[in-house]
Amino acid sequence: MTFEVRRAISADHPSLPGHFPDAPLVPGVVILDEVLGALLEWRKDCRLTGIRTVKFLVPLKPDQPFRICLSTRTEGAGDVNFSCRIEDRVIVEGQLEVRYGDKVIS
């Protein structure tokens, strides 16, 4: 099961001033917030309970389009793999731990 959305962090995002003046980069926490937003678009009934792993591989620049790809092996799985890509290059990857309704799945 997979889900994919496209995103870009606007150059006027409030986290960017001061996050490397004259060479702005999108903070990792902002990218992860977009990943969470994509997860909730895909699985409205789930809640993030943890981030098992995350690896930031390539910096993201403001206004640079990227794709968020989410996947699970089975419906209702408690782990969701994710990657963020610029074209075919992975910039962030990891695994989320999620809960559906009142049930913890791991």
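Just so it is clear, none of the values below were taken in a lab; they were calculated from the coordinates. Note that the structure is predicted; figures quoted are calculated from it, not measured. Here the Cβ positions follow ideal geometry from the backbone for every residue, glycine too, while neighbour counts run over all protein chains shown.
Dipole size in debye (nearest 20) for segment 2-104 around its Cα centre, Lys and Arg Cβ +1, Asp and Glu Cβ -1?
Working: 14 positive and 15 negative charges, 51 e Å.
The dipole of segment 2-104 has a size of about 240 debye.
Along its three principal directions, the equivalent ellipsoid of the chain from the Cα gyration tensor extends over semi-axes of 27, 14, 12 Å, largest first.
Split the chain at each of the GluC sites (Glu not before Pro) in a DSSP loop with at most 16 other beta carbon atoms within 10 Å, and the longest piece is 1-74. Helix 28-42: angle to the longest alpha-carbon principal axis of the chain, degrees 0 to 90, nearest 10? Helix 28-42 sits roughly 40 degrees off the main axis of the chain.
Think of the chain as having a plus end and a minus end, set by charges on the Cβ of Lys, Arg, Asp and Glu; of GLY101, PRO24, PHE3, GLY101 sits farthest toward the positive end of this dipole.
Looking only at trypsin sites (Lys or Arg not before Pro) in DSSP loops with at most 10 other Cβ atoms within 10 Å, what is the longest site-free stretch of the chain? Each step should come with its number before you reach the end.
On the way: sites that count: LYS44, ARG73.
By the stated rule (loop sites, at most 10 other Cβ atoms within 10 Å), 1-43.
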